[in-house]
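**Student:** Below you'll find the structure I mean.
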Amino acid sequence: MTDIYNTTILCEDCNRKTTKGFITKNGYKIRTWECDSCHKRWFHPLDLQEYNNFEKIKHKEFKVKLRFVGNSYAVSIPREIIDFQEEISKEIDKILYMSLEEPEKLSIFFSKRIKKILNNK
């Protein structure tokens, strides 16, 4: 299937070709088309849908149990979060990266790349 982003889109108001670009919101790259004449902007529907799904999960608070397993503690990660992280759900035994950022704040990173980006802020 061909991606709609590979298509030339004409502005409905000016009837001119749009310019491809992107914006970054909360780490998400959302592809766009913009009319250079009237500055109207359209967002790629799949990118926008993925961003909106992220926003729903981001603002949701999950209650999870802390359990003692062997010599360690375990916290279950809700399936909704794992399903959102497609590449993680494919590899059950994947290594995650965890750090104690503040006395009451524990962070889990699904990839080293994300951890590096957040630590460089």
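Only the coordinates and a few stated rules stand behind these numbers; no lab work does. Worth saying up front: this structure is predicted, and the values here are computed from it rather than measured. Counting neighbours? That spans all protein chains shown, and the Cβs are built from the backbone with ideal geometry, glycine included.
**Student:** Which loop-located trypsin sites (Lys or Arg not before Pro) does segment 20-83 contain, where loop means any DSSP state but H, G, I, E or B and the Cβ has at most 10 other Cβ atoms within 10 Å? Provide the component values of the computation, followed by the final result.
**Tutor:** Values: sites: LYS20, LYS25, LYS29, ARG31, LYS40, ARG41, LYS56, LYS58, LYS60, LYS63, LYS65, ARG67, ARG79; in loops: LYS40, LYS60, LYS63, LYS65.
In loop regions of segment 20-83 (DSSP not H, G, I, E or B), the sparsely surrounded trypsin sites (Lys or Arg not before Pro) are LYS60, LYS63, LYS65.
**Student:** Next up: So if R0 is 22 Å, what FRET efficiency would TYR73 and SER111 give, r being the distance between their Cβ atoms, rounded to the nearest 0.05? Numbers along the way, then the final one.
**Tutor:** Working: r = 23 Å, r/R0 = 1.04.
Efficiency, rounded to the nearest 0.05: 0.45.
**Student:** Now a separate question. Taking other Cβ within 10 Å of each residue's Cβ, how do TRP33, TRP42 sort, fewest first? Walk me through the numbers on the way to the answer.
**Tutor:** Numbers: TRP33 21, TRP42 15.
By the 10 Å Cβ count, ascending: TRP42, TRP33.
**Student:** Given H placed on each backbone N at 1.01 Å, which residues far from PHE22 in sequence or on other chains put an amide H within less than 5 Å of it?
**Tutor:** THR32
**Student:** Go ahead and collect, in residue order, the members of segment 33-48 whose backbone nitrogen is under 19 Å from a label point 7 Å along the Cα-Cβ direction of CYS14.
**Tutor:** Answer for this model: 33-44.
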